[in-house]
Amino acid sequence: MDADEREVYYYLKSWGHEFVAAREISRRAGGKHRFRQSPEWAQPVIARMVERGILESDESGHYRLKAASKKEKKKRHWVSPQVAKILKDSGKDFSEAIKVDEDLDAYYEGL
């Protein structure tokens, strides 16, 4: 990612999941002096980012960062890697010992 793409990325990151017009990105991401020199400087940058899958567009030509899919999120481990290694090396199966999600669901249902 080059410097222009980073400027666009960080500007759109501040908007969250809202779509922003390309002209507004050109105006705000690079600063007013850059916008005065070249008002359309962000168009090729945005096109590259859409092609690479970093940005997505709506039907009116506004852009936002592409939302990360839920499958890409890492699974949380409830023990440190060192403790997990010790438990794994012990040869015992602890997979059925504690079901954190089920225990919490049962607790909150009881309230």
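The values are calculated or read from the model by the stated rules, or taken from the named source; none is laboratory data. Keep in mind that this is a model prediction, so the values were computed, not measured. Cβ placement follows ideal geometry from the backbone for every residue including glycine, while neighbour counts extend to all protein chains displayed.
Of the residues Glu18, Glu5, which is assigned to a loop (DSSP other than H, G, I, E, B) and under 22 Å from Gly53 (Cα atoms)?
Glu18
When the residues of the stretch 21-35 are filtered to those that are part of a helix (DSSP H, G or I) and surrounded by fewer than 16 Cβ atoms within 10 Å (Cβ to Cβ), which remaining residue is nearest to the chain's Cα centre (by Cα)? It would help to see each step written out before you state the result.
Filtering the stretch 21-35 down to residues part of a helix (DSSP H, G or I) leaves 22-29, 32-35.
Among the residues that remain, those that are also surrounded by fewer than 16 Cβ atoms within 10 Å (Cβ to Cβ) are: 23-24, 32-33.
On the way: Arg23: 23, Glu24: 22, Lys32: 28, His33: 30 Å.
So, considering only residues that are part of a helix (DSSP H, G or I) and surrounded by fewer than 16 Cβ atoms within 10 Å (Cβ to Cβ), the one nearest to the chain's Cα centre (by Cα) is Glu24.
Name the pairs: first residue in the stretch 10-21 and within 13 Å of Glu56 (Cα to Cα), second residue part of a loop (DSSP other than H, G, I, E, B), Cβ to Cβ under 8 Å, at least 6 apart or on different chains?
Pairs found: His17/Ala67; Phe19/Asp58; Phe19/Ser60; Ala21/Gly61.
Mind checking which residues of the stretch 24-37 are under 19 Å from Tyr9 (Cβ atoms) and either out of contact with any Lys or Arg (no Cβ under 7 Å at 6 or more places or on another chain) or not assigned by TED's automatic domain parsing to the domain that holds Gly61 (or both)?
Those that are under 19 Å from Tyr9 (Cβ atoms) and either out of contact with any Lys or Arg (no Cβ under 7 Å at 6 or more places or on another chain) or not assigned by TED's automatic domain parsing to the domain that holds Gly61 (or both): Glu24, Ile25, Ser26, Arg27, Arg28, Ala29, Gly30, Gly31, Arg34.
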